[in-house]
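Everything below concerns the one structure shown next.
Just so you know, all these numbers are worked out from the coordinates, no wet-lab data involved. For clarity, every value in this text was computed on a predicted model and none was experimentally measured. A quick note on method: Cβ atoms are made from the backbone with ideal geometry, for glycine too, and the neighbour counts reach across all protein chains shown.
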Amino acid sequence: MTRYELIRLDFSGGVATLTLARPDVLNAFNLATLEEVTAALDEIVGTPGVRALLLTGEGRAFSAGADLSDGSAGDTTLDAGAALESHFNPLLERMADLPFPLVTAVNGAAAGAGCSFALAGDVVIAARSAYFLQAFVNIGLVPDVGSTWLLPRLVGRARALRMMMLGERISAERAEQWGMIHSVVDDAELIGTARSMAEQLARGPTRAYGLIRQGVRQCLEVPLREALAIERRNQREAGYSSDFAEGVAAFREKRAPVFTGR
């Protein structure tokens with residue numbers, strides 16, 4: 001197992017738990033943190049038996065976004081988007097390509113890039129004290145790390161522009177009302193609830209879950225005819241799985257299925 005300094009990685013019961021661990025800066029992302037998270041995802045995908053990922057942050061925040069304490073921040077002679085191309089965007093795409101479900105447990109602030117990574121979860125569970133913030137306009141920048149693609153699809157154009165142009169904090173309760181996240185729980189219950197969800201998903205038909213998350217992402221971008229073709233291909237692949245055979249057998253035998261993820 002790789003040693004990490006800026007994150008923690010644990011494995012238990014088919015669930016990998018990745019915790020951002022820079023609480024002194026509200027888990028802001030510097031390049032070293034992004035590199036460790038990327039390496040951790042490689043380790044997680046390569047670890048036999050992992051069937052779900054739980055992502056959260058240590059301390060008072062999920063993540064405050066990009067670390068602006070870097071001395072180059074605000075230098076108008078430099079390309080402000082370079083780190084997106086080299087680090088942030090490849091990491092978001094790697095999260096999107098995971099072959100199993102991703103649960104995010106959002107504690108405190110999920111701002112900027114932290115908001116994007118939090119909302120990348122298939123199931124997003126937020127503590128009651130959590131909030132979501134697109135703060136880019138406060139420093140004269142534009143939303144990034146997929147925000148302008150994801151947020152309008154989650155909450156609609158008007159609400160997405162409200163978040164992006166006004167820099168307004170969206171509480172966990174409002175995010176749930178808007179359909180941005182799965183649910184809100186009391187702060188003390190966050191990790192336990194998210195862990196239970198991840199464990200439930202880890203017991204499910206992993207190959208089907210992977211095809212579902214890829215199919216939804218692909219079908220958001222194509223006409224109906226192409227979406228039907230994607231569903232056809234995915235159903236063929238799912239139909240060859242052992243979990244499909246087990247699911248049908250369990251249905252016929254009137255018992256709970258025991259999926260193996262194969």
Estimated FRET transfer efficiency when R0 is 35 angstrom, pair residue 94-residue 69 (beta carbons, to 0.05): 0.85
Lys, Arg +1 and Asp, Glu -1 on Cβ, resulting dipole of the chain about Cα centre, debye, nearest 20: 1180 debye
Sequence-separation-based contact order of region 72-144, relative, with Cα cut under 8 Å and 6+ spacing, percent: 28 percent
In region 148-245, trypsin sites (Lys or Arg not before Pro) in a DSSP loop with at most 16 other beta-carbon atoms within 10 Å: 169
Acute angle (nearest 10 degrees) that the helix 224-239 long axis makes with the longest principal axis of the chain, alpha-carbon atoms: 60 degrees
DSSP-defined beta bridges in region 1-139 - what % are antiparallel, rounded to 5: 25 percent
For the chain, the longest site-free run once GluC sites (Glu not before Pro) in DSSP loop states with at most 13 other Cβ atoms within 10 Å are removed: 6-220
Over the chain: Rg over Rh, Cα atoms, Kirkwood Rh: 0.98
Relative intensity, log₁₀ I(q)/I(0), of region 206-252 from a Debye sum that treats every alpha carbon as a point, q = 0.19, 0.30 Å⁻¹: -0.61, -1.04
Residue 153-residue 45 pseudo-label distance in nm [points 7 Å out on the Cα-to-Cβ vector]: 1.8 nm
Whole-Å distance, taken between Cα centres, linking region 223-262 and region 21-36: 39 Å
Dipole in debye (nearest 20) - region 6-93, about Cα centre, beta carbon charges: Lys, Arg +1; Asp, Glu -1: 420 debye
For the chain: relative contact order, % (alpha-carbon pairs under 8 angstrom, 6 or more apart): 17 percent
Principal-axis tilt of helix 242-252 within the chain, Cα atoms, nearest 10 degrees: 60 degrees
